[in-house]
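Written below as structure tokens is the structure these notes are about.
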Amino acid sequence: MADQPLVHPSPDQRQDALVVTGAAEHNLKSVDVELPRNKLVVFTGVSGSGKSSLAFDTLYTEGQRRFLETLSAYARQFLGGLKRPDVESITGLSPVVAIEQKTVSKNPRSTVGTVTELHDFLRLLYARAADAYSLKTGEPMVRYTDAQIAENILTRFEGQKLLLLAPMVRGRKGHYRELFEQIMRQGYLRARIDGELVELEPGHRVDRYKVHDIEAVVDRIVVRAQDEARILKSVQTALSLGKGSMAVMAMDGGEPVHFSRNLMCPTTGLAYPDPEPNLFSFNSPYGACPTCNGLGKVAQVDPATLVPDPKVSVKKGGIAPLGKLKDNLTSRIVEAILVNHGIALTTPAGEIPEAVMGEILYGSDKDVKLQDRGGVRGGSVPFEGMVAAIVRSAEKAKSVPLRRWAQSFMHRVTCPSCEGSRLKPVSLQFKLGGRDIGELGKMDLLDLAAFLETLDGQLSERQATIAKAPLKEVRARLGFLLDVGLGYLSLDRPTRSISGGEAQRIRLATQIGSRLTEVLYILDEPSIGLHQRDNRKLIDSLCALRDAGNSVLVVEHDEDMMLASDHLVDIGPGAGVHGGQIVAQGPPDQHF
Ligand SMILES: [Zn+2]
């Protein structure tokens, strides 16, 4: 991500100028213009004068067209052709990147963090350097080498008789007959099943419908200093059978003590896999909160939409998704619930007791006894409630109109499992400076930058070393975003909720971070909506892009931007047919 290839100018280019001859796109009147390269150039003029025709419809379009021509014919057939702009010649044109005021992405999985790649670097940082904590007890997770485990046993249990246990199953259902056979084939005849020591025999099995913890008893040892080598060997046997985890337990009872080569909770033995960057990505199944699939929001039935008018009776359609009572099963069930509670069908929905309405909306554990009808006994039916039926239709209905209809009774709320962080619980147990990556996403960028500044002092020497490279990248990119006045955004902000101007400044910051050179950047009115102070920062950022070896062309009315330019081009004099000519050009202090 950090190492983008440099873009080299083609050999026929003059190194110092971009020369346009006979530009006649839209209202341009065969414009000839020579623009200095590697400078900040501003096109100004009244609205409709032809600034954008020259900047975007001529220079940008031609730049893109030339780029497409460098691709194979095979690739081009998928991309389609671009019409050559109406211009006689353009020389000295670098690869062009337009930084426009378009919203970045409508995808709900796209956030400020993902489009700026800051999230990627933070994920790397957390995977490498974060401290892990137990999901069950909150204690720091530990990991040991084989020798450390043996040493630990020697010092903590000297003189005691111990069982060495290899965990095989943790909190899962099944009869595990094959597993017991496999354990016995390896020569182990005892196991600890759900906390009980058991002699295994052929055909051993446990209740398949219950959740079990199973550990194989790998060895019995007496802890004596002179047996260190033997203890280490037994530890390694237990670790290999237990896939990196093991436990020891005093033979006369007591709680087992857990050890692991992996991250492990010292009290419960809960182990985590070594974290990969994916564990911190809400766009990966390894990291996404399973409740909301990484979206941070879940759809919930909105009770207010179910009973829109409390004055309307159930019979007349007081429960909106049900409508007027009809001769279908759901209507008969709702009718039966009311009648069974002695409530008239003509009672306004708002006057139905809460408990009865609760039964209609959320069901009950008792079957509903239907009314007899025409001499036929009604019988009893289970009822899940209107809400569950709506949720099911909204998620699973095959018919699109039915799904839409069900969704109209739902609204999106912050996911209760991840509280909007989009990540699964384990992912949030990895912390740097006491904070998980979800908390970082919620901070505004100014606070995030301040937090990262304090982080160095809170890292161990080992952490500081491995965190150095990703942290440097995060700080630099964050700095570019602050420079363009976006310090109030947060990384978890969905890009579909940001304005075109914000999106443009995010792109600008990302481009500065990409460290390309020899590029012509074209921007349309980037100072729109900016405060004076932020406008100054924006201008500084554009100058930084220029000083990195790029040409920057800005279409702009803002006076500060014009004064800051190296070369100002006034296009006009009027709009439409009255414009399309270069009125004046040169350094701003000389000509304006
Ligand atoms: Zn969630």
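The values are calculated or read from the model by the stated rules, or taken from the named source; none is laboratory data. In this text, all values refer to a predicted model and were calculated from it rather than measured experimentally. Cβ placement follows ideal geometry from the backbone for every residue including glycine, while neighbour counts extend to all protein chains displayed. In case anyone asks, the SASA skips ligands and DNA or RNA and just uses the protein heavy atoms, side chains included. Shrake-Rupley method; radii C 1.70, N 1.55, O 1.52, S 1.80 Å.
Please report the relative contact order for the chain, taking Cα pairs under 8 Å with a sequence separation of at least 6, and give it as a percent rounded to a whole number. Across the chain, relative contact order equals 24 percent. Each of Gln148 and Glu255 was given a label point 7 Å from its Cα along the Cα-to-Cβ line. The distance between the two points is 2.1 nm. Normalised by the number of residues in region 146-274, the average gap of Cα pairs under 8 Å and 6 or more apart makes the relative contact order 32 percent. Separation of region 426-476 and region 116-152, taken as the distance between their Cα centroids, equals 14 angstrom. The phi torsions of region 204-216, fed into the Karplus equation with coefficients 6.51, -1.76 and 1.60 and a -60° offset, translate into couplings of 4, 8, 10, 4, 5, 8, 9, 7, 10, 10, 10, 10, 7 Hz, rounded to whole numbers, with Gly and Pro shown as x. Quick one: grab the alpha carbon gyration tensor of region 38-175, order the square roots of its eigenvalues as a ≥ b ≥ c, and give me rounded if a/c is under 1.5, else prolate or oblate depending on whether a/b is larger than b/c. Prolate shape, in that a/c is at least 1.5 and a/b is the bigger ratio. For the listed peptides 76-84, 122-130, 181-189, a ranking on the average number of other beta carbons within 10 Å per residue, highest first, reads 122-130, 181-189, 76-84. Apolar share of the accessible surface for the chain: 51 percent from carbon plus sulfur atoms, 1.4 Å probe.
Rounded to the nearest 10 degrees, the inclination of helix 445-455 to the longest alpha-carbon principal axis of the chain is 60 degrees. Were the residues from Lys173 through Ser240 laid out at 0.36 nm apart, the gain over their Cα-Cα distance would be 21.8 nm.
Here the extension length gained between Ala544 and Ser417 equals 41.4 nm, from 0.36 nm per residue of separation less the Cα-Cα distance. Rounded to the nearest 500, the helix-only mean residue ellipticity at 222 nm of the chain stands at -9500 deg cm²/dmol, with each DSSP H run of n ≥ 4 adding -39,500 (n - 2.57). Estimated from the Cβ-Cβ distance and a Förster radius of 56 angstrom, the FRET efficiency linking Val400 and Glu181 is about 0.65. In percent, rounded to a whole number, the relative contact order of region 59-159 is 19, using alpha-carbon pairs under 8 Å and six or more apart.
How would you classify the chain from its alpha-carbon gyration tensor, with a ≥ b ≥ c the square roots of the eigenvalues: rounded for a/c under 1.5, else prolate if a/b is greater than b/c, otherwise oblate? Since a/c reaches 1.5 but b/c is at least a/b, the shape of the chain is classed as oblate.
Ordering Tyr521, Tyr133 by accessible surface, largest first, gives Tyr133, Tyr521; the 1.4 Å probe counts only protein heavy atoms, with every chain in place. Averaged per residue, the chain has 50 square angstrom of accessible surface, using a 1.4 angstrom probe with ligands and nucleic acids left out. The lysines within cross-link reach of Lys39, meaning a Cα-to-Cα straight distance under 26 Å and a gap of 8 or more places when in the same chain, are Lys29, Lys51, Lys102, Lys537. Residues in region 382-399 carry Karplus couplings, in order, of x, 9, 7, x, 4, 4, 4, 5, 5, 4, 5, 5, 5, 8, 10, 4, 6, 7 Hz; the curve used is 6.51 cos²θ - 1.76 cosθ + 1.60 with θ = phi - 60°, and Gly or Pro positions show x.
From the square roots a ≥ b ≥ c of the eigenvalues of the alpha-carbon gyration tensor of region 318-367, which class results: rounded (a/c under 1.5), prolate (a/b over b/c), or oblate? Taking the square roots of the gyration eigenvalues as a ≥ b ≥ c, region 318-367 is rounded. Working from label points 7 Å from Cα in the Cα-to-Cβ sense, the Asp447 to Glu201 distance is 6.4 nm. On full extension, the segment bounded by Ile343 and Thr103 gains 81.0 nm, given 0.36 nm per residue less the C-alpha separation. Among beta bridges identified by DSSP and lying wholly in the chain, the antiparallel ones come to about 80 percent. FRET efficiency for the pair Ser284 and Leu135, taken as 1/(1 + (r/R0)^6) with r the Cβ-Cβ distance and R0 = 22 Å, rounds to 0.70. The count of lysine pairs in region 199-342 whose Cα atoms are under 29 Å apart, excluding pairs fewer than 8 places apart on the same chain, comes to 8. A protection proxy built from the mean count of other Cβ atoms within 10 Å ranks the segments 326-336, 59-69, most packed first, as 59-69, 326-336. Each of the peptides 115-121, 89-95 was scored by the mean count of other Cβ atoms within 10 Å over its residues; in descending order, highest first, they stand as 115-121, 89-95. What's the local net charge at Lys431, with K and R +1, D and E -1, over the other residues with C-beta under 10 Å away? Its environment carries a net charge of -2.
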